[in-house]
Amino acid sequence: MKTMKEKLTQAIQMVCHKGTRVNLALIYGRGGTGKTTAVFQAIQSISPKLDFTSFSGRLTQIGFYNFIEANKNRDVIVLDDVANLLQNETILNFAKALTGTRADGSPVEVSYGDQQGMRSFVCRASLVIITNNLNPDHPDFGPVKDRAVFLEYSPNRDELWTLMRSIVDKEYGTLTKEDRLDVLRMLHLHGATCPELSLRHLMKALDAKVSLPASEVEDFIKDMFTTPSDQMLDVVAELIKMPMPTNDQIQLFHQRTCKSRRLFFLLKAKLKKRPNPHLNS
């Protein structure tokens, strides 16, 4: 049976091979599991000569169009953590057009409008979109997925520990290898049974080892996996008051607690049922 890394490499090979008519890979999975690292390793393993570029973060609709057009003749374009694009009907239809091919397999011309009027171009690059947030029920997502190589990236626990070990083997700030291995040992001790364990836990733990007194590091790591429920409720209560999209609230929630999108919504629902103290005073 193939490992998750081997499956991902196979998906990237399919979209990078110019002899196929598939030119889009959708890599989906929860944050902190090494999707982005694995994609870049896969691209480089196929050929170090592949000309690729990447963008990570939020893109406006016009920003997306401009970025694709500016890199249309590269081999591969990687869009990382751009979940907002996959909720946009116009972007999804544009992505569908980008993945279209003629009968001979050549790419089709795509068009979009901006302040300067209508623009058209042919995109010869393959697209790789990495995201931890999809809405499979969106009516315009299905046709895009049908034209893509779709992979739900969910490494098992052994694969995740192997990836963590590969990170610990590399230099990190002023930490010695003994320090880094000690962090991994503490993570294994306190987080081995955590279903939400991710690379973000490792990076936070390494940062704690760098910045905190040695006597406090293990308590910090232990607290990452034993955050009180009431404290997380307070975090969610604070975030939902902020004037920002829900996806941004979820991202901040995960950064602060290392907990999942699913838990965010469970706690949000729990908040609605919690008595309002102002009503009881």
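The values are calculated or read from the model by the stated rules, or taken from the named source; none is laboratory data. Just so you know, these numbers come straight off a predicted model, no measurement behind them. Cβ sites come from the backbone with ideal geometry, for glycine too, and all protein chains shown count toward neighbours.
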Mind listing just one residue for me: the one in the stretch 135-169 that is part of a loop (DSSP other than H, G, I, E, B), in contact with a Gly (Cβ under 8 Å, 6 or more places away or on another chain) and at pLDDT 90 or above and, of those, nearest to ALA42 (Cα to Cα)?
TYR153
Considering only the stretch 235-264, how many residues are loosely packed, with under 14 Cβ neighbours inside 10 Å and either on the phi > 0 side of the Ramachandran plot or at pLDDT 85 or above (or both)?
7
Report whether or not GLY29 is in contact (Cβ under 8 Å) with a residue 24 or more places away in the chain, within 29 Å of GLN255 (Cβ to Cβ) and in contact with a Ser or Thr (Cβ under 9 Å, 6 or more places away or on another chain).
yes
In this structure, does LEU175 turn out to be farther than 21 Å from GLY31 by Cα and touching a residue at least 24 places away in the same chain (Cβ under 8 Å)?
yes
Given (1) at positive phi; (2) in the same structural domain as LEU189 (by TED's automatic domain parsing), THR162 misses just (1)
I need the full set of residues from the stretch 239-272 which are more than 14 Å from the chain's Cα centre (by Cα) and under 14 Å from ASN133 (Cβ atoms), in order please.
PRO245, THR246, GLN249, PHE253, ARG262, PHE264, PHE265
Quick one: ILE221 ticks every box in (1) part of a helix (DSSP H, G or I); (2) at pLDDT 90 or above; (3) over 30 Å from VAL183 (Cβ atoms) bar one, so which box is it?
(3)
Any residue at all in the stretch 121-134 that is among the hydroxyl-bearing types (Ser, Thr, Tyr), closer than 28 Å to LEU252 by Cα and in the same structural domain as LEU85 (by TED's automatic domain parsing)?
yes
From the list GLY57, GLY32, exactly one residue is touching a Lys or Arg at 6+ places or on another chain (Cβ under 6 Å) and of a type outside the set (Phe, Trp, Tyr). Which is it?
GLY32
With (1) surrounded by 16 or more Cβ atoms within 10 Å (Cβ to Cβ); (2) more than 30 Å from THR3 (Cβ to Cβ) as the list, and GLU89 as the residue in question, which single condition is left unmet?
(1)
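Going by the structure shown, is TYR28 hydroxyl-bearing (Ser, Thr, Tyr) and more than 19 Å from PRO143 (Cα to Cα)? Break it down into steps so the answer makes sense when it comes.
On the way: hydroxyl-bearing (Ser, Thr, Tyr): yes; more than 19 Å from PRO143 (Cα to Cα): no.
In short, no.
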Scope the stretch 170-196; condition charged (D, E, K, R), exposed (fewer than 12 other Cβ atoms within 10 Å of the Cβ) and outside any helix (DSSP H, G or I); matching residues:
LYS170, GLU171
